[in-house]
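**Student:** One structure coming up, written as structure tokens, with questions to follow.
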Amino acid sequence: QVELKEAGGGLVQTGGSLRLSCELSGGTFVTFVMGWFRQARGKEREFVAGISRVGANTNFADSMKGRFTISRDNTKNTVYLQMSSLKPEDTAVYYCAARGGTALASRPIEYDYWGQGTQVTVSS
């Protein structure tokens, strides 16, 4: 009964920053590769960032490199997404996901558990 819960979404201005968090319960957090995805209205869900079990390895979508940072705190069962230099195109529902494998993955189908999402809106 793994559950994920995102927090930290909201309304920010262009150029602003926001930190999302996602807490996992019902499982052993350190055994999961974690990822962030986002889905804008009318578009498919897209990969944002991933992080390995102890945080040694990360991967990012090209459009997020240099602006977003993913990290995790295994003592708090929490993964974070630090977003900077936000643009209106970043407006989307952001989802936290977990997968039981060890390799980083960027496809939604490769993840086993999902949060309900948190809305991020960037005003122009």
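**Student:** Taking a probe of 1.4 Å, how large is the accessible area per residue of the stretch 73-124, in Å²?
**Tutor:** That works out to 49 Å² per residue.
**Student:** A further question follows. So how far apart, in nm, are the two label points at T102 and A40 if each is 7 Å from Cα heading toward Cβ?
**Tutor:** Using points 7 Å along Cα→Cβ, the separation is 3.8 nm.
**Student:** Where in the stretch 1-33 does the amide nitrogen come within less than 18 Å of the point 7 Å from the Cα of D112, taken along Cα to Cβ?
**Tutor:** The answer is 1-5, 23-33, whose backbone nitrogens lie closer than 18 Å to the label point.
**Student:** Would you mind checking the stretch 16-31 for residues with the amide N under 19 Å from a putative spin-label position 7 Å along Cα→C-beta of E3?
**Tutor:** 21-30, by backbone N distance to the label point.
**Student:** With a ≥ b ≥ c the root eigenvalues of the C-alpha gyration tensor of the chain, is it rounded (a/c under 1.5), prolate (a/b larger than b/c) or oblate?
**Tutor:** prolate
**Student:** Right, another one. Taking K and R as +1 and D and E as -1, what net charge do the other residues with C-beta under 13 Å from the C-beta of F60 add up to?
**Tutor:** Once all neighbours under 13 Å are counted, the net charge is +1.
**Student:** Now a separate question. Give a residue-ordered list of calculated ³J(HN,Hα) values for the stretch 72-82 (Karplus: 6.51 cos²θ - 1.76 cosθ + 1.60, θ = phi - 60°; whole Hz; x for Gly, Pro).
**Tutor:** Calculated HN-Hα couplings, in order: 8, 10, 6, 7, 10, 6, 9, 10, 10, 10, 8 Hz.
**Student:** Shifting gears a bit: Please report the carbon-and-sulfur percent of the accessible area for the stretch 59-106; probe 1.4 Å, protein heavy atoms only, DNA, RNA and ligands left out.
**Tutor:** 46 percent
**Student:** I want to make sure I understand the PRE zone here: with the label point 7 angstrom from the Cα of Q119 toward its beta carbon, which residues in the stretch 28-55 have backbone N atoms less than 20 Å away?
**Tutor:** From the stretch 28-55, the list is 37-46.
**Student:** Length gain on complete extension for the stretch T31 to K76, per 0.36 nm per residue less the alpha carbon to alpha carbon distance?
**Tutor:** Length gained between T31 and K76: 14.8 nm.
**Student:** So for the stretch 10-116, averaging the separation of alpha carbon pairs under 8 Å that are six or more residues apart and normalising by length, what relative contact order in percent results?
**Tutor:** Relative contact order here is 35 percent.
The values are calculated or read from the model by the stated rules, or taken from the named source; none is laboratory data. This one's a predicted model, so the numbers in the text were calculated from it and none came from an experiment. Quick reminder, even Gly has a Cβ in these numbers, built from the backbone with ideal geometry, and neighbours come from all protein chains shown. With ligands, DNA and RNA removed, areas are computed over all heavy atoms of the protein, side chains included. Shrake-Rupley method; radii C 1.70, N 1.55, O 1.52, S 1.80 Å.
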